[in-house]
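Engineer: Handing you a structure now.
Derivation of every value follows stated rules applied to the coordinates shown; laboratory data play no part. Being a predicted model, the structure only gives us computed values, none of them experimental. Positions of Cβ are backbone-derived with ideal geometry, glycine not excepted, and every protein chain shown enters the neighbour counts.
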Amino acid sequence: MKESLVKTIDIINTDDSTLIKISRDNLLALNLDEMKTIQDYYKKQGRNPTDIELETIAQTWSEHCKHKTLTGTINLRCNIHTGQSVTGYTEKAYNNLLKETIFRVTKELDKKWCISVFEDNAGIIDFDKDWAVAFKVETHNHPSALEPYGGAGTGIGGVIRDILGVGLGGKPILNTDVFCFGSPDTPYEKLPAGVLHPKRIFKGVVSGVRDYGNRMGIPTANGTIIFDEGYTYNPLVYCGTVGIMKKNKCFKKVNPGDYILAVGGRTGRDGIHGATFSSLALDKDTPLSPVQIGNPIMEKKVTDTVLQACERNLYTALTDCGAGGFSSAVGELGKNCGVKVYLERVPLKYEGLLPWEIWVSEAQERMVLAVPKDKLEEILKVFHDENVETTVLGEFTDTGRLEVFYKDEKICDLDMQFLHEGLPKRTMIATFQHKKFEEPSRSVFESSKPGGILKDLLSSLNICSKEWVVRQYDHEVQGQTVVKPFHGKYEGPGDACVMQPLSTTALKSKKVTYRGIAVACGINPQYGKIDSYWMTASAIDEALRNIVSVGGDPEKTALLDNFCWGSPNIPEQLGDIVRAAEACYDIAKVFSTPFISGKDSLNNDYNDEKGNRKSIPGTMLISAISIVQDIRKCVTMDIKKPGNLVYLLGETKDELGGSQLYNLYGFVGNNVPKVNPQESIGLMKSLHKAINAGIIESCHDCSEGGLGVALAEMSFAGGYGVEINLSKVKYDMRKVESEKFRNLQLLFSESNSRFVVEITQKNRKKFEKILRGKVFSCIGKARKDKKFVVCGINKKVIINENIDNLKASWQKPFSNF
Amino acid sequence: MNYKIEIFHKDGVFDAEGEKVKSDIRDLGISGIKKVKTEQLYIINGNLTDKEIETVCKELLIDSVVQEYRIVDFQTITSHTQTESDIYSIEVFYKKGVTDAVGESTLKAIKDMGIENVNSVRTGRKYLLIGSLAESDLGKIATRILANTVVQEYKIS
């Protein structure tokens with residue numbers, strides 16, 4: 001009987017095609033090169049691997065855990081065009097793309113306030129003298145495509161545990177979420193069997209995030225939702241968590257002899273192969289086992305008890321069980337020493353799990369701790385008192401080996417060195433060439449009035465109010481949310497959220513601290529259709545703009561990258577990924593904003609029944625976290641008072657490519673918004689100075705929908721109309737256009753690095769002095785009534801709308817969802 | 001033995017989930033549904049006395065202000081009193097092996113009440129669709145709105 005539980009798999013005597021078959025049949029997601037490396041290792045050992053050993057290697061070497069694409073060797077070939085034809089190419093080789101771009105910029109910037117970057121479960125930066133904040137953003141795309149509620153819930157659950165498992169444990173204080181879905185109006189007939197309707201995915205994901213976040217008592221206060229046909233088969237679900245921790249708890253250390261303590265939920269067959277699954281494309285027959293179901297109540301108990309144990313210094317290291325389950329968590333903690341694990345001790349949800357299933361199961365709400373022998377009794381009591389189940393799985397050793405036992409039988413014996421360093425480097429080919437899209441003829445816009453276009457834009461899915469979603473989340477719990485998702489008396493969309501994480505602690509010590517954190521994001525896949533470099537540059541600019549808009553310090557802002565792409569095996573897509581990474585380096589270097597953590601999800605592909613590949617549009621999410629010196633100086637986006645002056649900061653350019661205006665008319669266009677990082681950061685620093693001087697009444701950045709949408713949102717949020725004169729807008733547009741189209745360009749071009757700010761007449765001089773040398777102009781003022789009036793370049797009124805109607809348009813799409 | 005318990009709203013209490021399902025059905029392009037009622041289902045496996053099961057229902061499972069319960073005998077099919085229109089019932093449960101977090105919590109709560117002879121709890125939802133419907137539409141409603149067959153199973157009656 002005993003033999004049947006662990007199988008030995010013959011790989012040392014097999015040919016290449018059998019190796020591939022073994023990888024495929026067991027869902028290992030390893031390629032031939034990797035399988036052959038394993039074969040060589042076992043040939044030297046003179047034996048065959050057990051199933052659990054193969055599984056361990058596959059989990060450890062998965063895309064999810066090792067990022068083998070972005071750390072592999074990439075040869076990029078860029079075509080050079082002369083006129084219409086390709087006349088040559090340039091080549092560039094990357095040994096390790098991540099190291100040469102994103103890690104590099106952080107290293108070169110060498111900020112003293114970065115505490116832990118790219119090595120732990122999350123990035124950690126300074127908060128103040130004693131405290132640090134950690135931030136991590138994860139994706140949970142594949143599980144959410146199959147089971148939106150469970151997939152999204154466990155996505156949030158997983159990233160919360162990342163924060164709980166960073167250093168010696170952070171306390172989760174804020175969740176963020178960003179989703180990309182197909183259009184909720186997609187006809188059912190267009191969907192292949194097995195694909196859930198986008199509307200259902202949307203509703204399921206939102207309830208999953210809501211139920212998990214709310215039940216854990218963590219506010220969800222920042223995020224965005226993007227709709228594009230390209231996400232119909234593969235929705236994207238990004239979940240982020242911010243935590244706060246003492247500075248002396250930021251690093252972990254495992255000592256041989258420490259016990260391996262598993263804490264939290266029981267192990268079942270949930271989520272087996274999640275790590276390797278993320279390296280595979282979805283299709284109709286994708287199996288059910290990767291789906292996990294979350295239990296937030298359990299996670300809440302685990303969080304509270306782990307933080308108690310942390311406070312009392314009862315362990316020296318911990319990590320969460322995420323992808324790959326125990327195999328990854330224990331393997332990772334013990335990689336520099338060695339481990340002995342006794343699998344029969346693992347408490348199970350039900351009988352019948354094979355040893356390898358116990359080892360790689362991704363059952364949720366589990367943490368693994370390294371506990372010194374003399375602390376065991378005390379720590380067990382902490383968990384026992386709160387009804388959290390614990391198991392001593394084994395111990396850390398100094399053998400450099402990963403040894404797993406099941407009922408006295410040694411079923412896994414792997415060299416840690418091979419397991420963690422043995423992965424052969426992938427070599428991949430990438431190509432890049434500029435894409436060309438149809439430019440809409442100007443006559444397309446001829447029949448529409450600017451006011452009508454503005455209302456249509458406000459009602460478009462990517463701009464309209466997401467109140468239906470936001471209101472389901474608790475963004476107030478813990479009582480630390482200062483700048484909330486909606487601003488103003490009449491509730492417009494804020495740019496970023498601000499938290500005051502030490503308010504309660506400060507009360508106890510009677511020393512009030514007004515220091516806070518601002519959290520924001522930037523994302524725009526429309527731009528990526530044209531050029532992933534400028535999409536990424538724009539996302540970084542947008543994230544930083546949002547931070548600065550509310551009062552965050554651009555000189556103390558850290559970034560997180562999240563790449564989501566279709567397939568890195570397609571050279572064009574990999575080329576886009578490389579360009580995106582290059583933009584991360586270029587822009588962040590000038591902005592002086594280090595990357596502290598990141599994550600990639602590179603196989604967002606669906607193969608339909610006819611074998612057609614459907615890839616998502618390459619999508620880069622940039623999240624930003626910044627320190628706010630004094631939360632009392634934070635600014636919101638609603639117009640505050642009639643008579644105040646309205647300024648536009650930054651230059652407007654002929655950049656309607658990828659804009660929501662073009663999207664509205666079914667075009668992509670070509671003039672994608674670019675970023676001049678020197679000018680941008682200079683402007684943002686000046687604006688920050690003005691905000692700190694307390695002379696900015698309201699501030700909103702121009703993003704989707706450009707100046708027109710930003711003004712409308714500020715106006716209806718405050719309940720005051722505005723009158724704006726487009727002839728005052730500073731712009732740089734070379735091409736001659738009709739008066740009508742020029743007005744549209746000024747209103748809806750999505751040029752980066754622009755802000756709309758409101759100041760009082762009194763502060764005019766002071767403000768202009770701070771902004772000296774930057775591009776800015778006073779474009780109008782706030783009105784007493786509710787009229788939204790815009791004059792075109794020839795001073796004729798082109799828009800005259802009531803702000804209530806504008807708001808109604810903005811609220812329409814999800815008002816009765 | 002298995003006890004099946006159905007928790008439902010008292011008459012006149014607003015059933016928010018029912019309204020949501022009704023509008024989702026309308027969005028599917030299916031008309032003819034007049035009302036949707038939802039019920040929470042628990043299947044408790046164990047050896048409980050009648051008194052114990054009653055205590056569990058009253059003290060743990062229902063909110064007595066707005067909800068009522070009925071204990072369903074597995075052998076008999078529930079007959080509904082409403083007759084003025086057709087009633088279709090769809091029950092949705094997690095498949096075996098899929099974690100049922102609410103079920104786990106319920107099991108623990110029952111034991112915390114000092115009732116030890118209980119082995120497992122499964123939870124599910126029951127949807128009563130009131131109105132006239134084509135048979136084929138029922139399947140659509142079940143798979144497109146109510147159950148995700150990746151992790152759940154459903155039964156139409």
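Engineer: Of all residues in segment A:324-368, how many are surrounded by fewer than 24 Cβ atoms within 10 Å (Cβ to Cβ) and part of a loop (DSSP other than H, G, I, E, B)?
Structural biologist: 12
Engineer: For A:Val646, indicate whether it is part of a strand (DSSP E or B), over 30 Å from A:Lys436 (Cβ atoms) and either in contact with a Cys (Cβ under 7 Å, 6 or more places away or on another chain) or not polar (S, T, N, Q) (or both).
Structural biologist: For A:Val646, the condition - part of a strand (DSSP E or B), over 30 Å from A:Lys436 (Cβ atoms) and either in contact with a Cys (Cβ under 7 Å, 6 or more places away or on another chain) or not polar (S, T, N, Q) (or both) - is met.
Engineer: Output the residues belonging to segment A:148-202 that are more than 29 Å from A:Val306 (Cβ to Cβ), in a helix (DSSP H, G or I), within 11 Å of another protein chain (Cβ to nearest Cβ) and in contact (Cβ under 8 Å) with a residue 24 or more places away in the chain.
Structural biologist: Scanning segment A:148-202 gives A:Arg200, A:Ile201.
Engineer: Kindly check whether there is at least one residue in segment B:144-151 that is charged (D, E, K, R) and either closer than 12 Å to B:Phe93 by Cβ or free of Cβ contacts under 8 Å to residues at least 60 places away in the same chain (or both).
Structural biologist: No: segment B:144-151 contains no residue that is charged (D, E, K, R) and either closer than 12 Å to B:Phe93 by Cβ or free of Cβ contacts under 8 Å to residues at least 60 places away in the same chain (or both).
Engineer: Would you please name the residue that is nearest to the other protein chains (Cβ to nearest Cβ), looking only at residues in segment A:335-380 that are at positive phi and touching a residue at least 12 places away in the same chain (Cβ under 8 Å)?
Structural biologist: Going through the qualifying residues, I end up with A:Glu365.
Engineer: Looking at segment A:602-655, which of the residues that are buried (at least 18 other Cβ atoms within 10 Å of the Cβ), small (Gly, Ala, Ser) and farther than 28 Å from A:Asp126 by Cα is nearest to the chain's Cα centre (by Cα)?
Structural biologist: Here the answer is A:Gly618.
Engineer: Which one is surrounded by the most Cβ atoms within 10 Å (Cβ to Cβ) among residues in segment B:94-132 that are closer than 16 Å to B:Lys155 by Cβ and more than 13 Å from chain A (Cβ to nearest Cβ)?
Structural biologist: Residue satisfying both the conditions and the ranking: B:Leu129.
Engineer: Have a look at A:Gly694, A:Gly682 and point out the one that is in a loop (DSSP other than H, G, I, E, B) and out of contact with any Pro (no Cβ under 6 Å at 6 or more places or on another chain).
Structural biologist: A:Gly694
Engineer: On to the next question. What is the number of the single condition among (1) touching a Leu at 6+ places or on another chain (Cβ under 6 Å); (2) within 25 Å of A:Cys114 (Cβ to Cβ) that A:Ala58 does not meet?
Structural biologist: (2)
Engineer: Out of the strands (runs of 3 or more DSSP E) lying entirely within segment A:220-265, which hold 1 or more residues that are within 30 Å of A:Lys614 (Cβ to Cβ)?
Structural biologist: Result: A:220-227, A:236-246.
Engineer: Conditions: (1) within 13 Å of another protein chain (Cβ to nearest Cβ); (2) in a loop (DSSP other than H, G, I, E, B); (3) surrounded by fewer than 20 Cβ atoms within 10 Å (Cβ to Cβ); (4) more than 18 Å from the chain's Cα centre (by Cα). B:Lys140 meets all but one. Number of the miss?
Structural biologist: Here B:Lys140 clears every test but (2).
Engineer: Right, something else. What single numbered condition from (1) β-branched (Val, Ile, Thr); (2) closer than 24 Å to A:Trp565 by Cβ; (3) crowded, with 23+ Cβ neighbours inside 10 Å fails to hold for A:Ile547?
Structural biologist: Failing condition for A:Ile547: (2).
Engineer: For segment A:99-132, name all the residues that are of a type in the set (Val, Ile, Thr), in a loop (DSSP other than H, G, I, E, B) and either more than 17 Å from A:Asp561 (Cα to Cα) or in contact with a Cys (Cβ under 7 Å, 6 or more places away or on another chain) (or both).
Structural biologist: A:Thr101
Engineer: Taking only segment A:385-434 into account, find how many residues are part of a strand (DSSP E or B), surrounded by fewer than 16 Cβ atoms within 10 Å (Cβ to Cβ), in contact (Cβ under 8 Å) with a residue 40 or more places away in the chain and among the charged types (D, E, K, R).
Structural biologist: Result for segment A:385-434: 1.
Engineer: Of everything in segment A:762-817, what is among the hydroxyl-bearing types (Ser, Thr, Tyr), within 21 Å of A:Trp468 (Cα to Cα) and not in a loop (DSSP other than H, G, I, E, B)? Give them in sequence order.
Structural biologist: Of everything in segment A:762-817, just one residue is among the hydroxyl-bearing types (Ser, Thr, Tyr), within 21 Å of A:Trp468 (Cα to Cα) and not in a loop (DSSP other than H, G, I, E, B), namely A:Ser809.
Engineer: Hey, does segment A:729-749 have a residue that's of a type in the set (Gly, Ala, Ser) and in contact with a strand residue (DSSP E or B) (Cβ under 7 Å, 6 or more places away or on another chain)?
Structural biologist: Within segment A:729-749, one or more residues are of a type in the set (Gly, Ala, Ser) and in contact with a strand residue (DSSP E or B) (Cβ under 7 Å, 6 or more places away or on another chain).
Engineer: Only one of (1) under 14 Å from the mean Cα position of the chain (by Cα); (2) closer than 27 Å to A:Gly528 by Cα; (3) crowded, with 24+ Cβ neighbours inside 10 Å; (4) not small (Gly, Ala, Ser) fails for A:Asn234. Which number is that?
Structural biologist: (1)
For every residue, the table says whether it meets (1) over 20 Å from the mean Cα position of the chain (by Cα); (2) on the phi > 0 side of the Ramachandran plot; (3) not in a strand (DSSP E or B).
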{"site": "A:Ile540", "(1), (2), (3)": "no, no, yes"}
{"site": "A:Asn546", "(1), (2), (3)": "no, no, yes"}
{"site": "A:Asn562", "(1), (2), (3)": "no, no, no"}
{"site": "A:Gly566", "(1), (2), (3)": "no, no, yes"}
{"site": "A:Asn569", "(1), (2), (3)": "yes, no, yes"}
{"site": "A:Asp576", "(1), (2), (3)": "no, no, yes"}
{"site": "A:Arg579", "(1), (2), (3)": "no, no, yes"}
{"site": "A:Tyr585", "(1), (2), (3)": "no, no, yes"}
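Engineer: Can you tell me how many residues within segment A:467-488 are assigned to a helix (DSSP H, G or I) and β-branched (Val, Ile, Thr)?
Structural biologist: 2
Engineer: Could I ask something else about it? Which helices (runs of 4 or more DSSP H) sit wholly inside segment A:1-90 and have at least 1 residues that are over 27 Å from A:Cys564 (Cβ atoms), in contact with an Asp or Glu (Cβ under 7 Å, 6 or more places away or on another chain) and touching a residue at least 40 places away in the same chain (Cβ under 8 Å)?
Structural biologist: Of the helices (runs of 4 or more DSSP H) lying wholly inside segment A:1-90, those with at least 1 residues that are over 27 Å from A:Cys564 (Cβ atoms), in contact with an Asp or Glu (Cβ under 7 Å, 6 or more places away or on another chain) and touching a residue at least 40 places away in the same chain (Cβ under 8 Å) span A:2-5.
Engineer: Which count do you get for residues in segment A:237-253 that are crowded, with 23+ Cβ neighbours inside 10 Å and out of contact with any Pro (no Cβ under 9 Å at 6 or more places or on another chain)?
Structural biologist: So the count comes out to 4.
Engineer: Pull out all pairs, ordered by first then second residue, where Cβ-Cβ is under 8 Å, the residues are six or more apart or on different chains, the first lies in segment A:802-817 and is in contact (Cβ under 8 Å) with a residue 60 or more places away in the chain and of a type in the set (D, E, K, R), and the second is in a helix (DSSP H, G or I) and surrounded by 14 or more Cβ atoms within 10 Å (Cβ to Cβ).
Structural biologist: Here the result reads A:Asp804/A:Phe716; A:Lys807/A:Phe716, each pair linking segment A:802-817 to a residue that is in a helix (DSSP H, G or I) and surrounded by 14 or more Cβ atoms within 10 Å (Cβ to Cβ).
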